[in-house]
């Protein structure tokens, strides 16, 4: 893949910039309260796929203008629930929730992913725009809500998979089964956030400073393996031991593994240069990905 | 099913009332410290099964008199451990822990379930009477204990399944492996509680007010689907996406889904009227329930 | 097995003492910052296996001198990453992370296990030396770090299995994906600790007092079953019900189960005398252990 020129991709609903190995995605629909429509979903899927494959990208931050009415007010449902699903046929089995597409695209991205929630967030603004990310930074005053049971539907965007894993079922119930509106310092949700900032304007700079430090001092390949082990652990401690032993063996013998030991002995910060496209083994990824396409059967 | 008259069911160990779509179950054994005997287990299984199937019921609250010596002091073991198991034969493989029966009955109830812990709780008063519920409200002064390893047995009532899922294994160890007595504000257990109230008399009213608001503004069918997705998620993010996509597709096209969009556009509170017995699909439930009956094999 | 004389086992890297049914393991490498080398790994595997099988042992505490430079500064990597894996051949598939060996030995030990972290902890000092234990006590000033992604490798010692189960994925990400240094009162990690003490010298005595009380008042067999149910629960609430019903049935009829009821009725503390080597059933353990040995195939 030749590296894309992010400024030339013609995105309409998002603004994308790459600087210091950090790709920043700005939701650019302030006049629509940064709601999700079909266009932004399509652009989000594209940008996270590109970010995953572009070696120059070591971290991705999703954010919004801190002066916008909201970080993301959910799906634009003025035309009904259609935005929530995507179909390749009229068959009702073929429908796929577009929020879930977004969640999976972020979750699969092998780079550091950060959601900088500098405004209110509802529905997909609290699910796909936050839960599949590695880290969440939030404004203390943000109103966060998972309104599904108060809107006639069930939780979308794989929130029922991600939220209990992130926080445990007690807190997930308090959020997903009530549809209540909370702020990040609520005991129901505060463990979701890596950092909570007092003002909207501090959120993105804090996320960016965090990303810059981590990007400068961590290995792109290590991050991908660590994410893989966390997302796809063994089913038992023994199976996990087989997986992480294999991962460590491969990484220890890699350029970054050697630099790790060398810099330690020389009492200096490491300088990791290995990249995911250079790094190919028969081991990674060790999990199988379920195909979610609708499989039409001919009769 | 014709709707039952709860006042005419002849319960002895519990008092049951249905008001404003909320079924209140009061443990009526204050003179026995609200301990569980065989009678109350039988009545609890019956009432949670009825609550699950009666469309008029949208929430269930379990509580006790706030003047009783305890919310529930555990199983009545004056006659030994027999209360803890139920058998349909002398075969030791046939024994089933009755606390586990209680936990499963509550866990399977598709309505909002709330435990209002307005007094001390031990053993089954801390397991089946709390852990399978969606929400727990507690008196800050309640003494809570999981005494099993100090009583010669192992944790019962599926607590080893439920508690780590609710709180994570670190906190579950601190509770189940120590048998220590804690109060709800202890860091080991506080994440278990949706709300902690300063006095015994405030616990039930707080739970009831919470239930009334939620019942008035949520969909019975949505709650059942949300609980199903939380209890029976996919094994991977992809599998969860297939499940929640299907659920959303069905619900969005349902009467409550249409009312959800309509009320949103009309900027008013929704009025959900769909009920579980009206709502039948080949999709829900999507999980298989393991049969726990003892299977006698003839030789 | 005839009970070992722990003072005569010739350990070099650890000092082991058995007193009041509590086995104390002191990391004895203060002049090397208590780093792990091949010798200490071998000794740790041996001692946890012995502790598991010796009926006289009811609890195990791992600690270090509170005047040492660190509780454990990780693996000794002055000779490179070799310490991290163990092989029985040159085949790269045969490598096994030695930290994972340690984690599994502790995790499988059927007695109460406590890590008394009375100094700084990095790498294996924060993984195998803490995560597989039932309880962790820590000095509030201890610097704790999981530095892997900043050292050129991925997280080892089954940390990617254990840490998310203990704390949930949100906190596990904040620790394992950042490589940041935190202290025990950090919100990222505090739920990991059963108790946090203000000074280094208070950590071990607090852990010992906790162990003494628990050992005196709990059943050795109950603890083993409770740990088994927590580590190997059912895949569903129903399957867990089958497991804990069977466990309770067996334990209720055991000497400790009878003493539990008897002491309750006599309003006195129980005196449990049953031991794991006396207790044999066809039920325990109910799980299968994956063999992690390298299986050489002849062609």
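The values are calculated or read from the model by the stated rules, or taken from the named source; none is laboratory data. Quick caveat, the model's predicted, so the values are computed rather than measured. Methodologically, a virtual Cβ is constructed for each residue, glycine included, from the backbone with ideal geometry; neighbour enumeration extends over all protein chains shown.
Observations
- Test: residue in region B:194-206 that is crowded, with 23+ Cβ neighbours inside 10 Å, out of contact with any strand residue (DSSP E or B) (no Cβ under 7 Å at 6 or more places or on another chain) and more than 10 Å from chain A (Cβ to nearest Cβ): no
- Total residues in region C:10-38, condition in a loop (DSSP other than H, G, I, E, B) and free of Cβ contacts under 8 Å to residues at least 40 places away in the same chain: 6
- Residue-level check: of (1) touching a residue at least 24 places away in the same chain (Cβ under 8 Å); (2) under 28 Å from residue A:291 (Cα atoms); (3) within 11 Å of chain A (Cβ to nearest Cβ), residue B:248 misses just (1).
- Test for residue C:125: is it crowded, with 24+ Cβ neighbours inside 10 Å and at the interface with chain A (Cβ under 8 Å from one of its Cβ atoms): no
Rundown of residues vs (1) modelled with pLDDT of 95 or more; (2) closer than 29 Å to residue C:192 by Cα, yes/no style:
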position: A:198; (1), (2): yes, yes
position: A:215; (1), (2): yes, yes
position: A:221; (1), (2): yes, yes
position: A:227; (1), (2): yes, yes
position: A:232; (1), (2): yes, yes
position: A:249; (1), (2): no, yes
position: A:270; (1), (2): yes, no
position: A:289; (1), (2): no, no
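- Checklist (1) over 20 Å from residue C:243 (Cα atoms); (2) in contact with a helix residue (DSSP H, G or I) (Cβ under 6 Å, 6 or more places away or on another chain); (3) within 9 Å of chain C (Cβ to nearest Cβ) applied to residue B:78, failing item: (2)
- Residues in region B:143-161 that are surrounded by fewer than 24 Cβ atoms within 10 Å (Cβ to Cβ) and either free of Cβ contacts under 8 Å to residues at least 24 places away in the same chain or within 20 Å of residue B:114 (Cα to Cα) (or both): 2 in all.
- Enumeration of residues in region B:128-138 that are within 12 Å of another protein chain (Cβ to nearest Cβ) and over 12 Å from residue B:156 (Cβ atoms): B:130, B:132, B:133, B:134, B:135, B:136, B:137
- Positions within region C:230-245 being at the interface with chain B (Cβ under 7 Å from one of its Cβ atoms) and either assigned to a loop (DSSP other than H, G, I, E, B) or farther than 15 Å from residue C:288 by Cβ (or both), in sequence order: C:230, C:233, C:234, C:236, C:237, C:238, C:240, C:241, C:242, C:244, C:245
- Which listed residue, of C:168, C:100, C:80, is under 30 Å from residue A:111 (Cβ atoms) and in contact (Cβ under 8 Å) with a residue 12 or more places away in the chain: C:100
- If the condition is being within 18 Å of the chain's Cα centre (by Cα) and either surrounded by fewer than 22 Cβ atoms within 10 Å (Cβ to Cβ) or at positive phi (or both), then region C:210-223 contributes C:210, C:212, C:215.
- Any hit, region A:186-193, residues being away from chain B (no Cβ under 14 Å) and assigned to a helix (DSSP H, G or I): no
- In region A:259-278 there is at least one residue that is part of a helix (DSSP H, G or I), outside the structural domain of residue A:102 (by TED's automatic domain parsing), buried (at least 18 other Cβ atoms within 10 Å of the Cβ) and touching a residue at least 12 places away in the same chain (Cβ under 8 Å).
- Which listed residue, of C:236, C:254, is free of Cβ contacts under 8 Å to residues at least 24 places away in the same chain, crowded, with 17+ Cβ neighbours inside 10 Å and not assigned by TED's automatic domain parsing to the domain that holds residue C:63: C:236
- In region B:209-221, the condition of being in a loop (DSSP other than H, G, I, E, B), more than 9 Å from chain C (Cβ to nearest Cβ), touching a strand residue (DSSP E or B) at 6+ places or on another chain (Cβ under 6 Å) and within 23 Å of residue A:154 (Cα to Cα) is met by no residue.
Each row is one residue, and each column tells you yes or no for (1) modelled with pLDDT under 95; (2) over 12 Å from the mean Cα position of the chain (by Cα); (3) not assigned by TED's automatic domain parsing to the domain that holds residue C:145.
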residue	(1), (2), (3)
C:59	no, no, no
C:67	no, yes, no
C:80	yes, yes, no
C:87	yes, yes, no
C:100	no, no, no
C:115	no, no, no
C:123	no, yes, no
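- Residue in region A:9-27 that is at pLDDT below 95, crowded, with 19+ Cβ neighbours inside 10 Å, touching a strand residue (DSSP E or B) at 6+ places or on another chain (Cβ under 7 Å) and within 30 Å of residue B:253 (Cα to Cα) present: no
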